[in-house]
Each structure stands twice: as structure tokens, then as C-alpha cells.
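Coordinate-derived values only; no laboratory data. Computed from a predicted structure; not experimentally measured. No Cβ is skipped: glycine too gets one built from the backbone with ideal geometry, and neighbour counts run over all protein chains shown.
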Amino acid sequence: MKARIHITLKNGVLDPQGKAIQSALGAIGFDGVDDVRQGKFMEIELAETDETKARSTLEAMCEKLLANTVIENYAIDLGD
Amino acid sequence: MKTAVVVFPASNCDRDAAVAVEKVTGAKPAMVWHGDRDLPEVDLVILPGGFSYGDYLRSGAMASLSPIMEAVKRHAGRGKPTIGICNGFQVLTEAALLPGVLMRNANLLFVCKSVPLIVENNNTKFTHNYSQGGTISLPVAHHDGNYFADDDTLDRLEDEGQVVFRYADNPNGSARDIAGIINKGGNVLGMMPHPERAIEPQLGGLDGLPMFEGLLEAVN
């Protein structure tokens, strides 16, 4: 089973890298970019075929390693 | 004073820490590989600076799950002095031994220079040889030193005297100019500046020595 995990900065957490990307977009002529927030995207192949079990494992992965919940949120998409 | 320095893959200040400890205590610290599960019986554990696991995912994230960290948590849990310097501070926050997180520097630049620091709390095992409110100079060398925590946590740190060092001239965007914090129990210190790199007049100055000398007095 394939899982896609999006890790994003929580609201209110400053994102200097996003700001730098926003400024670079402006510098190369893309006007009207109001904000950029940088995050992480991971694709994970799991041997597990049961969706409920897979989701629970992925949540544990996010809590323990993949995200730092002090500053980050995570979202899990399951499926092909 | 018996000391252990934990060595992670890509630690690069482990030997600096060992030299500083030996200079002050006369005893070589045990260098403990991150893959070990046990620490020798020691008074002080140092998590050194460096770029453990190449800073992959988040600085300190992988190292915080190394096998040795369970032993480090037991050592800290017994109230014994534990210090994380630079990457070691990042590891301590990722391991939840200290609150908050060290994010990418606000100006996105790697900062490498000596910086003035204000000693905000000299009533700790680590800082009692410094003057309260005094200014010292220590080197910093990091890309991810921008301390962040939510306002409630920051208020609590301030109220409980857990902010130990503050930047006089904030080099990285840290919330409330925080350079170093201590846990509530007063035995786990995390700081981005490098006291172990300030033990020789020719190299980084001498302002790191009082910390190691103070620890020696505190545990003996």
C-alpha cells in the first residue's frame, strides 16, 4: 500500500525558507505571490494491506520521527 | 568528575568537548558510540556539536532516536548533569528532554563567529561561576539555531528562570534572543554557543572554562 505524507509548518511558525522562495519568485518576474510556505512530502510503500492498521502505523511514524509536532502538522493520504 | 561524550555519526565537536573536559578535570572522558545502549557510570553526559546524520529530516531528529538516547534519558532522569551543545541542543529538543525546537536561522545563513551572551541565570550547576547578568563571549557555528516555542512555553521558561543564556545581538532569529535553556530540574542544559571551543586564549577565548570548572565543583 502506498502512503503519501504531507508535512507542513503550523500557522504562526515563521518560515524563512518560504519567504526566500517567495522573494526569488518575485525576482524572476512572477508577480502577485502573496505567500509561500515550504513543507515536506514523502511517499512510503507499506507491506501492510489493511488500511486501518496502515494508518495507525503511519500516524505513529509521524509522531515519533517524520514530523516535529511542536512546529509541524502532518496529513496522511492512503491508496494507489 | 567522570564524563561521557556521546559520539553520533558526523559529530564534529566531540573531540573539542573531550579536550575541554580533560583540561579542567584531568581525566579523559569516555567516548560513547551512539549505537551503544549503556553509558558508563558518569557524573556528566555531553551531547556534542556537529551534523549528526547529516541533519537529514530535521537537525537532531535521527540522533534523538539513537539507541544510546534511552541511557541518556535515564541519566538525565536521575537528575544528573547533561549538556547538549549546538547539535546536542537540537538532539535534546528532538528527544523532548528540553522544550521547543531549533529551526533554520531566520536569515538563512550559516553563522560562524564569536557572539556576546548575557548570563540570565547563574544559579545553575553549569553557570554558577559566571556573574548574573554578565556578558561573556562564545563561538557559535550553526545553520539551525533559531529557537522556537509557543508563547506559553516561552513565558513559562522566562518565569521559571529556565532561560540561561540570551544573545546580546541575536544572530539567528531565536525567540526572545534565547541562546540556552535548562530543564525544570536544573540538570539538563541545551545551548547553541560552544563553551568547549572557548578554553584557550588563542582559540575562541576563555569564557567556556568557567562552565566546566563550575560543573567540576558542583559534582565533587
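Residues whose amide H comes within less than 5 Å of that of B:S174, counting only those at least five positions distant or on another chain, are B:Y147 (H built at 1.01 Å from N in the peptide plane). Computed from phi, the 3J(HN,Hα) profile of the range B:59-65 under the Karplus parametrisation 6.51, -1.76, 1.60 (θ = phi - 60°) reads 4, x, 5, 5, 4, 5, 9 Hz, with x in place of Gly and Pro. Modelled spin-label separation between A:E43 and B:L206, with each label point placed 7 Å from Cα along the Cα-to-Cβ direction: 6.0 nm. Annotation note: trypsin sites (Lys or Arg not before Pro) in the range B:99-192 located in DSSP loop regions with a Cβ neighbour count of at most 15 within 10 Å are B:K184. Structure remark: mean-square fluctuation, Gaussian network model of chain B, C-alpha springs under 10 Å; the largest value among B:P201, B:P210, B:P40 belongs to B:P201.
A simple charge model with +1 on the Cβ of Lys and Arg, -1 on the Cβ of Asp and Glu and nothing else charged puts the dipole of the range A:2-79 at about 160 debye relative to its Cα centre. Dividing the convex hull volume of the alpha-carbon atoms in chain B by its residue count gives 103 Å³ per residue. The mean number of partner chain beta-carbon atoms within 10 angstrom of a residue's beta-carbon across peptide B:159-171 is 0. For the segment A:58-71, counting C-beta atoms of other chains within 10 Å of every residue's C-beta and taking the mean gives 3. Computed from the Cβ-Cβ distance with R0 of 30 Å, the FRET efficiency linking A:A27 to B:V111 stands at 0.80.
At most 15 other C-beta atoms within 10 Å and a DSSP loop state: those are the exposed chymotrypsin sites (Phe, Trp or Tyr not before Pro) I care about. Give me the longest piece of chain B that has none. With chymotrypsin sites (Phe, Trp or Tyr not before Pro) excluded where exposed in loops, chain B gives B:111-220 as its longest stretch. Hey, if you put +1 on the Cβ of every Lys and Arg and -1 on every Asp and Glu Cβ in the protein assembly as shown, which of B:V111, B:S11, A:L65 ends up farthest toward the positive end of that dipole? Farthest towards the positive pole: B:S11.
One chain, two ends: B:E217 and B:A30. Fully extended at 0.36 nm per residue, the span grows by 65.4 nm beyond their Cα-Cα distance. The loop-placed trypsin sites (Lys or Arg not before Pro) in the range B:1-71, going by DSSP, that have at most 16 neighbouring Cβ atoms within 10 Å of their Cβ come out as B:K2, B:R37. For a modelled paramagnetic label at A:R4, 7 Å from Cα along Cα-to-Cβ, the residues of the range A:47-80 in reach, with backbone nitrogen under 17 Å, are A:55, A:74-80. Karplus-based coupling profile of the range B:137-149, in residue order and whole Hz: 10, 9, x, 10, 7, 7, 10, 10, x, 7, 5, 10, 8, with θ = phi - 60° in 6.51 cos²θ - 1.76 cosθ + 1.60 and x standing for Gly or Pro. Couplings 3J(HN,Hα) for the range A:25-42, derived from phi with the Karplus relation 6.51 cos²θ - 1.76 cosθ + 1.60 (θ = phi - 60°), are 4, x, 5, 9, x, 8, 7, x, 8, 7, 6, 9, 10, 8, x, 10, 10, 10 Hz, where x marks Gly and Pro.
For the protein assembly as shown, the number of Lys pairs with C-alpha atoms closer than 17 Å, counting only pairs eight or more positions apart or on separate chains, is 16. For B:V115, the residues 5 or more places off, or on other chains, whose built amide H falls under 5 Å of its own are B:L138, B:V140. Remark: the protein assembly as shown carries a charge dipole of roughly 620 debye about the Cα centre, counting +1 on each Lys and Arg Cβ and -1 on each Asp and Glu Cβ. In the distance distribution for the protein assembly as shown, Cα-Cα pairs more than 29 Å apart total 37 percent.
Estimated purely from DSSP H runs of n ≥ 4, each contributing -39500 (n - 2.57), the mean residue ellipticity at 222 nm for chain B is -6500 deg cm²/dmol once divided by its residues.
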